[in-house]
1. Taking the Cα centre as origin and putting +1 on Lys and Arg beta-carbons and -1 on Asp and Glu beta-carbons, what dipole magnitude results for segment 1-101, to the nearest 20 debye?
2. Taking the Cβ-Cβ separation of A234 and S135 as r and a Förster radius of 30 Å, what is the calculated FRET efficiency to the nearest 0.05?
3. Between S72 and A48, what is the label-to-label distance in nm when each label sits 7 Å out along the Cα-to-Cβ direction?
4. As I understand it, the dipole of segment 157-196 uses +1 on the Cβ of Lys and Arg and -1 on the Cβ of Asp and Glu, about the Cα centre. Which of G159, L193, P171 lies farthest toward its positive end?
5. If amide hydrogens are placed 1.01 Å from N in the peptide plane, which non-local residues have theirs closer than 5 Å to the one on M162?
6. In whole Å, what is the distance between the alpha-carbon centres of segment 113-169 and segment 18-75?
Amino acid sequence: MHVTLRQLEAFTAVANHLSFTRAAEQLNLSQPAVSMQIKQLESQLGQALFEQMGKKIHLTESGHEVRKFARSILQQVDDMETALTSLSGLERGTLSISVATTAHYFAPKLLKIFCERYPGVNVKLDVTNREQLVSQLENNIVDMVIMGRPPENVDVESGAFMENPLVLIAPADHPFTREKSIQLKRLANEVFLVREVGSGTRKAMELFFTQHNIPMIMGMEVSSDEAIKRSVQAGLGLGIMSRDAIQNELQLNLLSAPDVLHFPIMRHWYVMHRKGKRLSPIAQAFKDFLLQEAAGILNKEPTLRDAAQLQTPQMPPLKAPTPSAANNKYAPARPKYVLTGPDGKPIPPAPRK
Ligand code: PGA
């Protein structure tokens, strides 16, 4: 059976007006063309749909039945067209993005503004490390990704939208907080807590130590920025982290960002997707929003990106430690135990030079 939408449209018009002439006018067709559509429909269905009584036409019982279905079919086609039209606009749709673990400190603030602007948009946000993000890009399973640096081995279109300075983080009472322009080589005596293999921050940190030819004493490996911050606060070692991740702690003086030469390690936040990907209008709007507005929005909030600058340089110098406090002074903890890595194997403590 090959019932067409055209036939159903012609049938519905005739059934509504009970007149071929008026149906033809409504459809902008000739009357014989309308009659032809109805004849073809009747022959497809094997039933008469209209009957003529005198000068008037009436729906047969089958005609009444077909009318119900025709209405609902045409309504559904209409709904489909409306849905597609709104999808091709900005009223509705799903934005599926994945962000680096460290980017989750600012991404929600941007999403809030974007969603207020486009209230019909549904957001799917995945937070994971750089390695996972690269694999998501490779498999083209998200609209776009926010991370620290475009991958080398996947063909992507990327744009930097904001600076991402990595700073040294130390407990608030670390002796470094009383000094300025600390020589980089002094970091060789400190224990460093590191993120898991696969983290962009860890990669940047390792590269930095290698480039400056400073040996890194590796303490615990910790797979979350939050846990690293707590561990640094607890005195288990120092860390290197995106300034975006530590603003609350700096403001509350739970952590410090000592003034070490060659810091911050200057990186950028990038938005990226597979090269040649056809972005939905919503995804395109989000990408434009990031590239054009994100830095301005986040930099405007003093509590967001300026907090690190409120630290060491402007902080009044701490009082010199009293003898008893000096005995009790901060000493980088040698890891007495190790965490297990993602492969379940214990991570041995690094030898101290
Ligand atoms: P990370 O990524 O959270 O995996 O360290 C940050 C980045 O890509 O720089």
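Every number in this text was worked out from the coordinates using simple rules, so none of it is lab data. Here the structure is a predicted model, which is why all the values come from computation and not from measurement. Note that we place each Cβ from the backbone using ideal geometry, even for glycine, and neighbour counts take in every protein chain shown.
1. Working: 9 positive and 10 negative charges, 51 e Å.
Around 240 debye, computed over segment 1-101.
2. Step by step, r from the Cβ atoms, then E = 0.35.
3. Modelled inter-label distance: 2.7 nm.
4. P171
5. Under 5 Å from the amide H of M162 lie the amide H atoms of W269, each far enough along the sequence or on another chain.
6. If you average the Cα positions of each part, the centres end up 55 Å apart.
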